[in-house]
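The values are calculated or read from the model by the stated rules, or taken from the named source; none is laboratory data. Just so we're clear, the structure is a prediction, and the values are computed from it rather than from any experiment. Neighbour counts are summed over all protein chains in view; Cβ atoms, including those assigned to glycine, are modelled from backbone coordinates with ideal geometry. SASA here: full protein model, heavy atoms, side chains in, ligands and nucleic acids out. Shrake-Rupley method; radii C 1.70, N 1.55, O 1.52, S 1.80 Å.
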Amino acid sequence: LTIDHSIASLSFFSEIRTSELIMKSVVSPLSASLLFFPVFTLLVPGLGLAQEEAWILEDHYQKSEHRIEMRDGVQLYTVVYTPKNRSRDYPIMLNRTCYSCRPYGTKDYPSRIGPSEIMEKEGYIFVKQDVRGRWMSGGRFDNMRPHVPGEEGIDESSDTYDTIEWLLNHLDGHNSKVGMWGISYPGFYTAAALPEAHPALAASSPQAPISDFFFDDFHHHGAYLLSYFMATPVFGYQHDGPTQEPWYSRIEPKTEDGYKFYMDLGPLSNASKYYGKDNFFWQQLADHPNYDEFWQARSILPHLKGIDHAVMTVGGWFDAEDLYGPLNIYRKVEENNPEAFNILVMGPWSHGDWARDRPTQMVGNIVFGEKISEFYQREIEAPFFRHFLKNTGQPPKFEALVFDTGRKTWDAFAEWPPQDAKTEKFYLRSDERLSLKLADSKDAEATEYLSDPNEPVPYSEDIKIVFTPRKYMTDDQRFAERRPDVIEFQTEPLPEDLTLAGELLAQLFVSTTGTDADWVVKVIDVYPDDEPNDPLTPEHIRLGGYQMMVRSEVMRGRFRNSYEHPQAFTPGEPTEVTLPLQDVYHTFKAGHRVMIQIQSTWFPLIDRNPQTFVDNIFRATQDDFQKATHRVFHSRSYPSSIQFKRLP
């Protein structure tokens with residue numbers, strides 16, 4: 001009972017590799033959680049709650065509402081939850097959101113006020129705030145408000161600074177230390193407070209943070225994510241003043257078939273039937289199809305400098321919304337602030353799963369383990385804030401804690417990507433082969449397919465319209481393999497495990513009979529035909545021969561040389577297209593195959609490329625959409641490949 005919990009929480013890491021300080025987990029997340037649960041319950045100073053007693057927020061926290069004035073006079077609605085146990089001082093935990101601090105009123109409480117129930121029981125002063133222009137706050141809303149260096153500008157950093165200053169001066173019972181956390185858009189607000197931060201800000205955790213709207217959420221490498229069309233109203237309308245009720249309305253489709261709904265919509269130029277001039281965000285999307293100054297100014301990445309407090313960035317390997325954000329925010333903080341305490345946690349989660357209380361972690365049809373989110377909350381997140389805000393225990397001993405989505409275990413590394421990961425390439429070969437060797441004289445020059453934007457490849461077998469898609473990130477790709485406009489290349493069954501750790505880069509040599517094209521690349525783990533089902537595998541799914549998507553990405557071909565200045569293809573001319581696929585940490589087990597699928601439509605996940613070069617696809621008409629024959633080369637002269645980092 002006297003063992004320091006933060007030390008105990010990391011004791012499951014052992015087995016240091018000789019090539020670098022890499023610690024591997026030797027017990028499962030489930031056993032780790034069970035091992036430390038009794039110690040945690042008895043050691044952490046709580047609020048007088050017995051273990052078996054139901055946790056009721058109202059019994060332990062006092063709610064108060066405030067309007068905090070910013071330096072330009074705008075007032076931001078802020079709600080404070082203060083522990084009723086006043087026997088000690090508490091750190092402040094701040095969460096800023098555009099999604100509402102509801103329920104409003106001092107007598108009504110939400111189901112959750114902190115990152116986890118664990119931290120709520122420990123005791124913090126939790127503060128939530130509606131950002132300017134949203135819900136009960138004043139001012140005008142701006143999506144991904146640009147950072148303005150210096151004291152004169154108004155941005156999310158200055159609003160956070162002014163909020164913290166007010167809290168320190170007006171709240172009783174705090175210990176003068178502040179932490180921040182947030183998931184998704186609130187993750188951006190956490191990251192946006194990193195530059196020019198208030199001196200009292202001691203620990204920040206951007207979680208699934210948006211970093212740049214041209215690469216997160218609404219765009220991927222220049223392709224518009226049509227699957228976010230339904231989300232546009234949430235971010236596209238201003239309101240006249242503070243309000244407790246939604247001031248925007250969502251589209252109510254007359255069909256549940258998403259493929260049909262978006263095909264019936266036709267070109268994006270028809271979207272005015274749903275979004276008019278009053279939807280400022282849709283107008284911004286349509287008016288700025290390229291990575292121009294408008295989008296560049298909204299990226300937080302260039303401003304992540306001068307950071308001197310602890311940062312823990314958290315993301316999910318299967319986050320369909322924000323995978324670019326956490327990986328690149330971690331990298332930029334590391335690159336620009338080498339002395340800062342900066343760590344990365346990447347788990348087998350979709351968007352925000354780590355904050356959910358689920359006994360089993362699944363993404364789509366794939367089971368990754370038991371108590372994984374609880375393990376993170378108890379053994380990683382709570383100790384991080386406890387150390388830096390309460391001076392209790394030790395900081396995490398890893399640089400990167402990452403989940404192997406093939407072996408389904410946690411590993412800790414001294415840096416990310418791991419230093420001893422070796423860069424190699426899989427080369428596309430004729431006869432649908434994927435090989436570590438370059439093509440030889442017997443190989444065919446290219447594989448071709450006819451791409452018809454009026455008969456696009458579906459991204460999933462599911463047809464139901466969803467607000468934002470998620471489960472497709474691990475979907476079985478056998479349905480796509482059967483399409484004539486999807487080409488695939490795969491290895492023989494692997495003789496031994498193959499672990500990929502770090503960035504993937506598709507280097508394609510292609511041509512088209514059109515003047516524009518999209519290039520979708522999918523990295524797939526092909527299970528053996530005799531793979532047994534997990535007990536929790538959905539009844540209609542068979543894992544034998546399952547083609548699990550491990551990573552996928554799209555490049556709008558016009559942006560192959562510059563996101564700012566699009567360029568047409570010359571019909572028939574071999575052209576290089578380089579597509580970053582984001583990081584992975586995945587072991588392809590012995591007996592499995594590695595497959596690469598390539599296609600040019602992915603509907604309605606992304607909008608359709610007309611395959612005719614136009615100035616602005618948002619303004620394209622139906623006549624612009626044309627069939628085209630695409631070729632992917634795999635000769636010695638044009639060696640298309642997938643570059644990866646491999647652990648020895």
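Would you point out the residue of segment 199-215, among those that are under 23 Å from Tyr228 (Cα atoms) and not hydrophobic (A, V, I, L, M, F, W, C), that is surrounded by the most Cβ atoms within 10 Å (Cβ to Cβ)?
Pro206
Does Gly393 count as of a type in the set (Gly, Ala, Ser), open to solvent by 10 Å² or more (accessible area, probe 1.4 Å) and under 18 Å from Asp404 (Cβ atoms)?
Against the criterion (of a type in the set (Gly, Ala, Ser), open to solvent by 10 Å² or more (accessible area, probe 1.4 Å) and under 18 Å from Asp404 (Cβ atoms)), Gly393 does not qualify.
Going through segment 520-561 one residue at a time, which ones are under 30 Å from Pro289 (Cβ atoms) and free of Cβ contacts under 8 Å to residues at least 40 places away in the same chain?
Arg560, Asn561, listed by residue number.
Can you tell which of Thr468, Thr447 is farther than 12 Å from Val632 by Cα and touching a residue at least 60 places away in the same chain (Cβ under 8 Å)?
Just one listed residue meets the conditions, Thr468.
When you check Met595 against the structure, is it closer than 23 Å to Gly325 by Cα and either open to solvent by less than 10 Å² (accessible area, probe 1.4 Å) or touching a strand residue (DSSP E or B) at 6+ places or on another chain (Cβ under 9 Å) (or both), yes or no?
No.
Considering only segment 110-151, state which residues are open to solvent by less than 10 Å² (accessible area, probe 1.4 Å), touching a residue at least 60 places away in the same chain (Cβ under 8 Å) and among the aliphatic types (A, V, I, L, M).
Met119, Met144
When the residues of segment 227-245 are filtered to those that are of a type in the set (Gly, Ala, Ser) and either farther than 18 Å from Gly276 by Cα or in contact with a strand residue (DSSP E or B) (Cβ under 8 Å, 6 or more places away or on another chain) (or both), which remaining residue is most open to solvent (accessible area, probe 1.4 Å)?
Checked segment 227-245; the qualifying residue most open to solvent (accessible area, probe 1.4 Å) is Gly241.
Please state which one of Pro484, Pro469, Pro495, Pro456 is at pLDDT 95 or above, under 19 Å from Val554 (Cβ atoms) and in a loop (DSSP other than H, G, I, E, B).
That would be Pro456, the only listed residue that is at pLDDT 95 or above, under 19 Å from Val554 (Cβ atoms) and in a loop (DSSP other than H, G, I, E, B).
Among the strands (runs of 3 or more DSSP E) confined wholly to segment 551-648, which include 2 or more residues that are under 18 Å from Leu450 (Cβ atoms)?
Qualifying strands (runs of 3 or more DSSP E): 593-599, 628-633.
Given the conditions (1) within 18 Å of Ser460 (Cα to Cα); (2) in contact with a Phe, Trp or Tyr (Cβ under 8 Å, 6 or more places away or on another chain); (3) part of a loop (DSSP other than H, G, I, E, B), which single one is not true for Gly544?
(1)
Among residues belonging to segment 152-181 that are touching a Phe, Trp or Tyr at 6+ places or on another chain (Cβ under 7 Å) and over 12 Å from Val127 (Cβ atoms), point out the one that is surrounded by the fewest Cβ atoms within 10 Å (Cβ to Cβ).
Within segment 152-181, the match that is surrounded by the fewest Cβ atoms within 10 Å (Cβ to Cβ) is Gly173.
Looking at Ser269 and the list (1) assigned to a helix (DSSP H, G or I); (2) open to solvent by less than 10 Å² (accessible area, probe 1.4 Å); (3) of a type in the set (S, T, N, Q), which single condition is not satisfied?
Looking at each condition in turn, Ser269 falls short on (2).
Just one of Phe388, Phe403 is among the aromatic types (Phe, Trp, Tyr) and either closer than 29 Å to Pro359 by Cβ or open to solvent by less than 10 Å² (accessible area, probe 1.4 Å) (or both); which is it?
Just one listed residue meets the conditions, Phe403.
Can you spot a residue in segment 404-425 that is within 30 Å of Ala202 (Cα to Cα) and without any contact (Cβ under 8 Å) to a residue 24 or more places away in the chain?
no
When you look at Val363, is it among the β-branched types (Val, Ile, Thr), buried (at least 22 other Cβ atoms within 10 Å of the Cβ), within 17 Å of Leu500 (Cβ to Cβ) and under 21 Å from the mean Cα position of the chain (by Cα), yes or no?
Against the criterion (among the β-branched types (Val, Ile, Thr), buried (at least 22 other Cβ atoms within 10 Å of the Cβ), within 17 Å of Leu500 (Cβ to Cβ) and under 21 Å from the mean Cα position of the chain (by Cα)), Val363 does not qualify.
Just give me the residues in segment 322-349 being under 23 Å from Glu461 (Cβ atoms) and open to solvent by 10 Å² or more (accessible area, probe 1.4 Å), in sequence order.
Leu323
Being closer than 13 Å to Tyr563 by Cα and buried (at least 19 other Cβ atoms within 10 Å of the Cβ) is the filter here; which residues of segment 291-305 pass it?
Scanning segment 291-305 gives Tyr291, Trp295.
Quick one: count up the residues across segment 78-109 that are of a type outside the set (Phe, Trp, Tyr) and either open to solvent by less than 30 Å² (accessible area, probe 1.4 Å) or within 25 Å of the chain's Cα centre (by Cα) (or both).
17
Of the conditions (1) hydrophobic (A, V, I, L, M, F, W, C); (2) farther than 23 Å from Glu293 by Cα; (3) more than 26 Å from the chain's Cα centre (by Cα), Met230 satisfies every one except a single condition; which number is it?
Just one mismatch for Met230, condition (3).
Being modelled with pLDDT of 95 or more and farther than 24 Å from Asp623 by Cβ is the filter here; which residues of segment 249-277 pass it?
If the condition is that a residue be modelled with pLDDT of 95 or more and farther than 24 Å from Asp623 by Cβ, then no residue fits.
Can you tell which of Asp240, Asp287, Asp216 is at pLDDT below 95, in contact with a helix residue (DSSP H, G or I) (Cβ under 9 Å, 6 or more places away or on another chain) and among the acidic types (Asp, Glu)?
Every option except Asp216 fails the conditions.
Between a first residue in segment 202-230 that is closer than 20 Å to Ile617 by Cα and a second residue that is of a type in the set (Gly, Ala, Ser), which pairs have beta carbons less than 6 Å apart while being 6 or more apart in sequence or on different chains?
Asp216/Gly325
Out of Tyr248, Tyr275, report the one residue that is in a loop (DSSP other than H, G, I, E, B), open to solvent by less than 20 Å² (accessible area, probe 1.4 Å) and without any contact (Cβ under 8 Å) to a residue 60 or more places away in the chain.
The conditions single out Tyr275.
Would segment 183-198 turn up any residue that is surrounded by 22 or more Cβ atoms within 10 Å (Cβ to Cβ), of a type in the set (S, T, N, Q), touching a Pro at 6+ places or on another chain (Cβ under 7 Å) and at pLDDT below 95?
Checked against the condition, which is being surrounded by 22 or more Cβ atoms within 10 Å (Cβ to Cβ), of a type in the set (S, T, N, Q), touching a Pro at 6+ places or on another chain (Cβ under 7 Å) and at pLDDT below 95, segment 183-198 yields no hits at all.
Given the condition open to solvent by 40 Å² or more (accessible area, probe 1.4 Å) and more than 25 Å from Thr468 (Cα to Cα), answer yes or no: does some residue in segment 306-314 qualify?
yes
In segment 283-290, is there at least one residue being outside any helix (DSSP H, G or I), surrounded by fewer than 24 Cβ atoms within 10 Å (Cβ to Cβ), on the phi < 0 side of the Ramachandran plot and free of Cβ contacts under 8 Å to residues at least 40 places away in the same chain?
Yes, because at least one residue in segment 283-290 is outside any helix (DSSP H, G or I), surrounded by fewer than 24 Cβ atoms within 10 Å (Cβ to Cβ), on the phi < 0 side of the Ramachandran plot and free of Cβ contacts under 8 Å to residues at least 40 places away in the same chain.
Could you check Leu450 against (1) open to solvent by less than 60 Å² (accessible area, probe 1.4 Å); (2) under 23 Å from Pro574 (Cβ atoms); (3) hydrophobic (A, V, I, L, M, F, W, C); (4) in contact with an Asp or Glu (Cβ under 8 Å, 6 or more places away or on another chain) and say which number it fails?
If we test Leu450 against (1) open to solvent by less than 60 Å² (accessible area, probe 1.4 Å); (2) under 23 Å from Pro574 (Cβ atoms); (3) hydrophobic (A, V, I, L, M, F, W, C); (4) in contact with an Asp or Glu (Cβ under 8 Å, 6 or more places away or on another chain), just (1) comes out false.
Just to verify a result, which residue in segment 554-570, among those that are buried (at least 21 other Cβ atoms within 10 Å of the Cβ) and charged (D, E, K, R), is farthest from the chain's Cα centre (by Cα)?
By that ranking, first place goes to Arg558.
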